[in-house]
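Accompanying notes for the structure given below.
Here, each number is a calculation from the coordinates, and none is a lab measurement. None of these values were measured; they are calculated from a predicted model. In this analysis, Cβ positions are derived from the backbone assuming ideal geometry, glycine residues included, and neighbour counts consider all displayed protein chains.
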Amino acid sequence: MAPLDLDKYVEIARQCKYLPENDLKRLCDYVCDLLLEESNVQPVATPVTVCGDIHGQVAGMDISYPTLPPQLFV
């Protein structure tokens, strides 16, 4: 498989055009692999609801929705 042409992807984005689906899939896979190498990125099982940016104010987040998937507060 040919290496990703990131400069080409940036140029396409600057022109406000869409990447072809196969290129977008490859780019997403590439970014996913990069993020998984980061120590501050944690895998989360799906389904999950991501709930905003609470800036450490966990004490104020006493709301729970038992009918929804698990919730992740960031």
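Quick notes
- Label-point separation, ALA45 to GLN15 (7 Å along Cα→Cβ), nm: 4.5
- Net charge over other residues, Cβ less than 14 angstrom from the Cβ of LEU4 (K, R count +1; D, E count -1): -3
- Normalised by 2.2 N^0.38 Å, where N counts its residues, the alpha-carbon radius of gyration of the stretch 5-52 equals 1.47.
- For the listed peptides 25-32, 3-10, 40-47, 14-21, a ranking on the average number of other beta carbons within 10 Å per residue, highest first, reads 25-32, 3-10, 14-21, 40-47.
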